[in-house]
Every structure is written in C-alpha cells, then in structure tokens.
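Below is one structure, written out as structure tokens; comments come after it.
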Amino acid sequence: MKYIFVTGGVISGLGKGITSSSIGRLLKSRGIKVTAIKIDPYLNIDAGTMNPFEHGEVFVLDDGGEVDLDLGNYERFLDISVTSNHNITTGKVYRAVIEKERQGEYLGKTVQIIPHITNEIKSHIINVAEATGADVCIVELGGTVGDIESMPFLEAVREMNMEMGKGKNCIFVHTTLVPIMGTVGEQKTKPTQHSVKELRAIGIQPDIIVARAKEPLEESIKKKISLFCDVPIEAVVSCPDARSIYEVPMILNDQGITDYIISRLSLEAKRPDLVEWSDFAHRIVNPTKSVKIALVGKYTHLADSYISHLEAFHHAGAEAGTKVEIVFVDSEVVQQFGPTEELMKCDAILIPGGFGTRGIEGKIMTARYARENKVPFLGVCLGFQIATIEFARDVLCMTDANSTEFEPQTSHPVVDLLPEQKNVTKKGATMRLGAQPVVVTEGSKAYRLYGSALIMERHRHRFEVNPRYIEEFEKNGWLFTGRSADGVKMEIGELEGHPYYVAAQFHPEFKSRPNKPSPLHLGLVKAAIRKKFE
Ligand code: GLN
C-alpha cells in the first residue's frame, strides 16, 4: 500500500478535497486502484450533529455514516463507495484510545498523545486502507497546517512515512494559495513559502506543491516556489480557477503530476484513459441550452450546504445536454411574501432535506405553487414530507395537517415520528440512516425513471408519512410508488396528472455520479427542458 498525504496551507477552502479527488481520478485513469480517507481534526465523532451553515452538507454513506462532504467528492470522482471508517475525526481517535485505556490495554503506562494517539491514528489509516485492497490510499488532512488540532495527525503521518521507508511509499502533497496583487497582477509566493516552513517545522517536507491562484502560475513563479520550497520544478503544479471542478483532473494531468506520482511511488501504471471523464467535463462546460431550477431551502447562504444536489444537477445536466442554473430561494422569504418573482421565473423546483420549523410554511407554499401551476417539482426527504403535508391541507381539506416535528399537537399528523424513534433520546447517529432497499411500483413514473423495481437509496430521517393516511392520499391522487421492503414505510410519492411532481423520503443526490446521474434529478431536469422548450 502506498500513501499520498494531502495537506493544506495558508487558508482553508482551497479545494484540497477536489485536489485529492482529482489525483485519485488520475491514478485510476492509469489502472491503479485508489481509495481515500478524510481526516477531520474536530472533536465531534462524526459530522451528523453539525450545522450545514457552518460545515456544509452532511454526506451520508451506504453504511449510514454521516460524514464530511469531501467523502462525497471522493465517491463522485473515484466512483467508489466508502465506509464511515474513511472519515477519521479527533473524536473517534480519542474515544478509541480512552476505551482501550479503560479496558486496561495500556496497563502500567501513562497514556499520551505521542505515542498512543498517534499510534491509534496510524493503525486506523492502515487498517482502513488495507481493507479496501487498493494500491494507493489518498489521505486528506483537514484544516490548515499550524492548527493545534491537526498536530497529532501530522505527527502520525510523518511517522508513517519514516516507518515505511522515507519517501518510497508515502508522498506529501501540499496545497497552497498564490494571491495576485496590484494592477499588473503580480503573483505572490510568500504565503506558500511560509506554510511550507510551517510544515517543515513539524518534520514534513512536501514532495508536490499544488498552488491555487486565480490564473495559471507564471513559469518564473513556479521556479521561485521550486527554489524556496525545495521541490523540483515539475512538482510545482498550478491549479487556476476552473470552469468546473470536473476539469481539474485534466488541468493537473497536463502538468505531468500523474507521471510524477507514478514514478515517485514506483507504481505500475497502464496507458492513460481519461476519455470518458474529459468527455463528461466537456459536456458540462459546453452546454447547448440552459434551464433554471429553484432550490428552496433555509441554508441558501452557503452553497456547500447542498453540494450533493448541485453535483447531481451537474451530472443530470451533462446527461440531458443542458446547463442547470440553480437559483437559491430562501424559504423564509417565500413564507413572508409568497412565491417570489425569481421563483416563478424558474423552470423547475427542488425542495431538499432539512430540519426544524424555520421556513416550513414557505416550503409548503412553494409545493402548492408547483402543484397548482404544473411546475416540475422534486421533493427530497423533508421535501417529500412537505409535499405530503401540502396535499393533505389543500386536497384532503385537513387544514391543520402537519408533521409532528413542527406541530406536535396537530389534529392531522400526516407526517409522524418513525415508531422505532419513539424511545430515542440521543442525537448522534440515531436517525434512520444509510442505504435501504426501496420497492418501486411497476408502471409508475419512478419505475420508468429508475428502470428497476428494486433500488437501494440512502436515508437520513426520523419522521415518515403516517401510514394511517395512506389510503386517503392515494384515493385522491398522491400515490406512493416506492415503499420499504416490508411495505410499511412510504419512500416515493408522485402526483397523478402532473407533468413531474415527484418526491422521495430518501436522498438520491448522495448516489449521483458523473455519467450515472440520480434518476430523480435527471427526471426533473428533463421535465424543466420540456416546460421551457416544448
Ligand atoms: N426532518 C425530517 C426528518 O427527520 C427530514 C430529514 C431530512 O430532510 N433529512 O424526518
């Protein structure tokens, strides 16, 4: 097993995740089997309890892991499915060590960060990587070099490199920022120099520097970085702003990074095959038409909160030959003013997942607008529950219908807590989570979209459509065409006589991949095209 450690310098948000994923994709294009691990230095055990406003979306894995959104990038770029063990947090590491201490595994010893925490980190990385049977494991270290929290992780990977024959089986990729100053656009290397100095102080010499800048690095700047940071010039890689993240692998590849890594790690590689990927990226950046889709939610100030939806629309758009422009609409604004002009200008609407009462009535108004005006609509998780509440209120005349999440006293709890959740009190990792089978009714719209009567989709919820009301809903045209394997949980709803009004309790966005778009997102995009152009 060979390791590529990706660290970040200067500032966060440099696209370390995209760099890691792109390197993975490039190695994969040479016939090398790649896996990836994300290290998050925070104390949370997992990302499940974190607010999307702060950290972006919580990504959900097949095994129910609630993880950092970068694992979504790995899955999309590498076309693999990882497990929750691929996300290591300080919380997980400390918990493991403290449990071992209580078991008496370190009997007689003083338990310390070095070597106990660092050993735990190393063995976690190695165990996870080896279990995948991959040739190369990319380990992305979250945070910025110099943070107190990331110190034990950097120390652990430094030791790994030393223990595995310095430089033979491990390489370090450091991502930095090259700001551009002044009117003539001078590219500045000082922040890169400083962050490399910081990394060296910990004992790590980077092998490759990936420098983010608005523009491609000038040759003289590459030389300067090479000289000051002691990295060969061919290992200074420029990563300018791209039109699409899916172009980044080609941008890096054109500078020779793949060959450099292959030779440094003495990997056996095949001839490059990036045709499918670059064709996909080409379709994303060269659309022939464009549709607008409104995303109505409450985390609309941070695009990362909905990253998997945005990517699913990229995948669907590439498939349908269209650009999908996402218009973020704050559900609280709709709640206050009704469907806004910007919402009405859109060709389709998505209501994504969410928690809590804020903006709920605005989402219900949005669902009503889409239903009555035959605007293509997709509801996901909370969006499915919203569509159900709206239908109950307006069509079934249950004017106070609600979810007990928002109104515990409602006389029509059409959405209610899952029975198995009734005694759950702890919040961490206790929802209905991960991949679950869904049985799709033959002949339904969902069946046509999926082309299968049995699908596996990922879940993350505590509430569900109350089975008491199913018959009444279906008699009136809100059909449940997807159900859990035991038939008890409603998974897909579709409205009779509407061009496209589909909603799901699960999250199809998490399994969407380049050239394998989420069927429900693709259906929405195609319906938007029909609405706009036919
Ligand atoms: N809050 C709802 C539930 O817990 C929906 C969850 C979601 O959208 N992920 O069931």
Of all residues in the range 48-76 being modelled with pLDDT of 95 or more and over 11 Å from the mean Cα position of the chain (by Cα), which is surrounded by the fewest Cβ atoms within 10 Å (Cβ to Cβ)?
Asp63
Could you tell me how many of the residues in the range 227-253 are in a loop (DSSP other than H, G, I, E, B) and aliphatic (A, V, I, L, M)?
2
Can you tell me which residue is surrounded by the fewest Cβ atoms within 10 Å (Cβ to Cβ) among those in the range 117-145 that are more than 26 Å from the chain's Cα centre (by Cα) and of a type outside the set (Ser, Thr, Tyr)?
Asn119
Total residues in the range 388-426, condition out of contact with any Pro (no Cβ under 6 Å at 6 or more places or on another chain), in a loop (DSSP other than H, G, I, E, B), touching a residue at least 40 places away in the same chain (Cβ under 8 Å) and within 15 Å of the ligand (Cβ to nearest atom):
3
Note on the range 445-468: residues surrounded by fewer than 22 Cβ atoms within 10 Å (Cβ to Cβ), within 16 Å of the ligand (Cβ to nearest atom) and over 21 Å from Asp62 (Cα atoms) are Asn466, Pro467
Taking the range 210-244 as the search range and keeping residues that are of a type in the set (Val, Ile, Thr) and touching a Lys or Arg at 6+ places or on another chain (Cβ under 9 Å), which one is surrounded by the fewest Cβ atoms within 10 Å (Cβ to Cβ)?
Ile233
Of (1) within 16 Å of the ligand (Cβ to nearest atom); (2) in contact (Cβ under 8 Å) with a residue 60 or more places away in the chain; (3) polar (S, T, N, Q), Ser484 satisfies every one except (2)
If I go through the range 65-111 residue by residue, how many of them are part of a helix (DSSP H, G or I) and touching a residue at least 24 places away in the same chain (Cβ under 8 Å)?
19
Log entry, pairs with first residue in the range 339-362 being of a type in the set (Lys, Arg), second being more than 10 Å from the ligand (Cβ to nearest atom), beta carbons closer than 6 Å, six or more apart or on different chains, reads Arg358/Lys298
Considering residues that are assigned to a helix (DSSP H, G or I) and touching a helix residue (DSSP H, G or I) at 6+ places or on another chain (Cβ under 6 Å), the number found within the range 290-310 is 3
Just one listed residue, out of Ala316, Ala312, Ala370, is away from the ligand (no atom under 16 Å from the Cβ), surrounded by 24 or more Cβ atoms within 10 Å (Cβ to Cβ) and under 25 Å from the mean Cα position of the chain (by Cα), and it is Ala316
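Condition first: touching a Gly at 6+ places or on another chain (Cβ under 9 Å), aromatic (Phe, Trp, Tyr) and away from the ligand (no atom under 16 Å from the Cβ). Can you find one or more residues in the range 500-507 that meet it? Lay out the reasoning, then the answer.
Looking only at the range 500-507, we keep the residues that are touching a Gly at 6+ places or on another chain (Cβ under 9 Å), and these are 500-507.
Subset that is aromatic (Phe, Trp, Tyr): 500-501, 506.
Filter again for away from the ligand (no atom under 16 Å from the Cβ), leaving 500-501.
Yes; the residues of the range 500-507 include at least one that is touching a Gly at 6+ places or on another chain (Cβ under 9 Å), aromatic (Phe, Trp, Tyr) and away from the ligand (no atom under 16 Å from the Cβ).
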Taking the residues in the range 336-367 that are within 14 Å of the ligand (Cβ to nearest atom) and part of a loop (DSSP other than H, G, I, E, B) as candidates, determine which candidate is surrounded by the fewest Cβ atoms within 10 Å (Cβ to Cβ).
Gly356
Among the numbered criteria (1) at pLDDT 95 or above; (2) under 29 Å from Ala303 (Cα atoms), which one does Ala429 miss?
(1)
Which of the residues belonging to the range 373-387 are buried (at least 19 other Cβ atoms within 10 Å of the Cβ) and either assigned to a loop (DSSP other than H, G, I, E, B) or within 10 Å of the ligand (Cβ to nearest atom) (or both)?
Val375, Pro376, Gly379, Val380, Cys381, Leu382, Gly383, Phe384, Gln385, Ile386
Just to verify a result, which residue in the range 514-534, among those that are surrounded by fewer than 19 Cβ atoms within 10 Å (Cβ to Cβ) and not polar (S, T, N, Q), is nearest to the ligand (Cβ to nearest atom)?
Lys516
Of the residues Val333, Val327, Val296, which single one is surrounded by fewer than 23 Cβ atoms within 10 Å (Cβ to Cβ), within 21 Å of the chain's Cα centre (by Cα) and within 22 Å of Cys381 (Cβ to Cβ)?
Val327
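The values are calculated or read from the model by the stated rules, or taken from the named source; none is laboratory data. Since we're looking at a predicted model, the values are computed, not measured. Because the Cβ atoms are built from the backbone with ideal geometry, glycine has one as well, and the counts that use them run over all protein chains shown.
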